[in-house]
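Enquirer: I'd like to ask you about the structure that follows.
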Amino acid sequence: MKKITVYLGLIIILYSCANPNRELKKERVNILEVNQMYMERIDLSFRDTTYIPIYSEIYVQDEVRKLGLTSTISIRNTSIKDTIFLEDINHYNAQGKLIHKYLDNILFLTPMQSIQYIIKKRDVEKGMESSFIVIWGANSSEVKPIFQGIMISAYGRHGVSILTEGVSISSTTFK
């Protein structure tokens, strides 16, 4: 009787861990490519350029061993009333060479909206260090979006995470 109870318990546990929603296994798509609102041109009263550092690898134990990192760029509109307009999202390698331009038109983020872009762990073309430059604007200089780089990986039984904050490198207010 005890064996039947144990087997029945194992079956219940295994069944409860199964994923009944097969839709979750679909491949994810780049959020910059779908469901976003674009426009050709807009006159704004405030423009800024933000620099976001990214690390695709870090040294582990010595200068020979490296740990690959999966990186995510996160851009968050923190305003509850103003829209921000992203004019350029450009990715540069460690030598300063433009390796990818993500926008052809202006992408806008409505109040409290956010976007993310994932750089795969084994994307070695970018080099150990790379950076993003985001040119954005708004109709108010009071808008303070958050620009972050989030890098994660695992090393043995240890998780590694790094967070970088975007830094304004040029801002202009128009009257």
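Enquirer: Of the residues that sit in the range 60-76 and are assigned to a strand (DSSP E or B) and among the hydrophobic types (A, V, I, L, M, F, W, C), which one is nearest to Arg157 (Cα to Cα)?
Expert: Of everything passing the filter in the range 60-76, Leu67 is nearest to Arg157 (Cα to Cα).
Enquirer: Right, another one. Among the residues of the range 148-170, count how many are surrounded by fewer than 15 Cβ atoms within 10 Å (Cβ to Cβ) and touching a strand residue (DSSP E or B) at 6+ places or on another chain (Cβ under 8 Å).
Expert: 12
Enquirer: How many residues, within the range 147-167, are farther than 22 Å from His100 by Cβ and in contact with a Ser or Thr (Cβ under 7 Å, 6 or more places away or on another chain)?
Expert: Number satisfying all stated conditions: 1.
Enquirer: Looking only at residues that are in contact with a Lys or Arg (Cβ under 8 Å, 6 or more places away or on another chain) and modelled with pLDDT under 95 in the range 141-172, which one is farthest from Asn90 (Cα to Cα)?
Expert: Restricting to residues being in contact with a Lys or Arg (Cβ under 8 Å, 6 or more places away or on another chain) and modelled with pLDDT under 95, the top hit is Ser153.
Enquirer: Looking at Ser161, Ser153, Ser140, can you tell me which residue is in contact (Cβ under 8 Å) with a residue 24 or more places away in the chain, in a strand (DSSP E or B) and either out of contact with any helix residue (DSSP H, G or I) (no Cβ under 8 Å at 6 or more places or on another chain) or among the hydrophobic types (A, V, I, L, M, F, W, C) (or both)?
Expert: Ser153 is the lone residue from the list that is in contact (Cβ under 8 Å) with a residue 24 or more places away in the chain, in a strand (DSSP E or B) and either out of contact with any helix residue (DSSP H, G or I) (no Cβ under 8 Å at 6 or more places or on another chain) or among the hydrophobic types (A, V, I, L, M, F, W, C) (or both).
Enquirer: Among the candidates Ile99, Ile169, Ile115, which residue alone is among the aliphatic types (A, V, I, L, M) and touching a Leu at 6+ places or on another chain (Cβ under 9 Å)?
Expert: None of the others qualify; the one that does is Ile115.
Enquirer: Would you mention how many residues in the range 77-106 are in a strand (DSSP E or B), closer than 19 Å to Pro53 by Cα and in contact with an Asp or Glu (Cβ under 9 Å, 6 or more places away or on another chain)?
Expert: Matching residues across the range 77-106 total 2.
The values are calculated or read from the model by the stated rules, or taken from the named source; none is laboratory data. Here the structure is a predicted model, which is why all the values come from computation and not from measurement. Ideal geometry is used to build each Cβ from the backbone, glycine not excepted, and the neighbour counts take in all protein chains shown.
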